[in-house]
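Data first, discussion second: the structure below is written as structure tokens.
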Amino acid sequence: FKQKTAYEISTRDWSSDVCSSDLAAEAPAREVEPDLVQRATLPLDVSGRFFPAADVDTYEFTAAAGETWWVEVASERIGAPCNPALVVQFARTGTDGTTAWEDVLELSDIGAAIRPSTNHYAYDGPPYETGSADCLGKLDVKEAGTYRLVIRDLFGGTRDAPDATYRLVVRRAE
């Protein structure tokens, strides 16, 4: 009797995720240091790092009303010791001409794919952890204008870790 072939599942593999199924091995762009607001055009595929300590990276872009984008940050899944968090902000111009940044989307950990219990007392989900400390979510653009992605490492407030890397991917939702 021969058993079926077993396939290894790697927690660092993000090739089956919503945004990343056909990405190149390396991002075509890199973040610019020092941490200035970086202008970007969507779709976006950029690699960066949370370095030095308390590093925050900001990418600014323009979007039209009605667009929908997948936003994904991979860090833990590419082997970095990070817990990325991302906030999408909209530039709202006041009557006096000043700009205020309004939070429109906040992304943090990807939840585990757990099925609800069918009998209300037993666990029906997979026997392994399928969640991640990385980010994944959908941005529905309600108003045309300028937006920015603000990304930080929730673990990186006091540590200087040059290996604290990430990859940010923004793709049109289909």
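The values are calculated or read from the model by the stated rules, or taken from the named source; none is laboratory data. Note that the structure is predicted; figures quoted are calculated from it, not measured. Every residue, glycine among them, receives a Cβ derived from its backbone with ideal geometry; neighbour counts consider all protein chains shown. We work out accessible area using only protein heavy atoms, side chains counted, and drop any ligands, DNA or RNA first. Shrake-Rupley method; radii C 1.70, N 1.55, O 1.52, S 1.80 Å.
Inside the stretch 61-94, can you point out the residues that are of a type in the set (V, I, T) and either modelled with pLDDT of 95 or more or within 24 Å of A25 (Cβ to Cβ) (or both)? First the steps, then the outcome.
So the first thing to find is which residues in the stretch 61-94 are of a type in the set (V, I, T), and the list is 62, 68, 71, 73, 78, 87-88, 93.
Passing the criteria: T62, T68, V71, V73, I78, V87, V88.
For the stretch 127-146, give me each residue that is in a loop (DSSP other than H, G, I, E, B) and either at pLDDT 65 or above or under 15 Å from the mean Cα position of the chain (by Cα) (or both).
Within the stretch 127-146, the first condition is being in a loop (DSSP other than H, G, I, E, B), and the residues that meet it are 127-131, 133-134, 141-144.
The answer is T130, G131, A133, D134, V141, K142, E143, A144.
Say whether the condition of being out of contact with any Gly (no Cβ under 7 Å at 6 or more places or on another chain), open to solvent by 80 Å² or more (accessible area, probe 1.4 Å) and modelled with pLDDT of 95 or more is met by at least one residue in the stretch 102-109.
Within the stretch 102-109 (the criterion being out of contact with any Gly (no Cβ under 7 Å at 6 or more places or on another chain), open to solvent by 80 Å² or more (accessible area, probe 1.4 Å) and modelled with pLDDT of 95 or more), the answer is yes, since at least one residue qualifies.
Can we say D124 is of a type in the set (D, E, K, R) and at pLDDT 90 or above?
no
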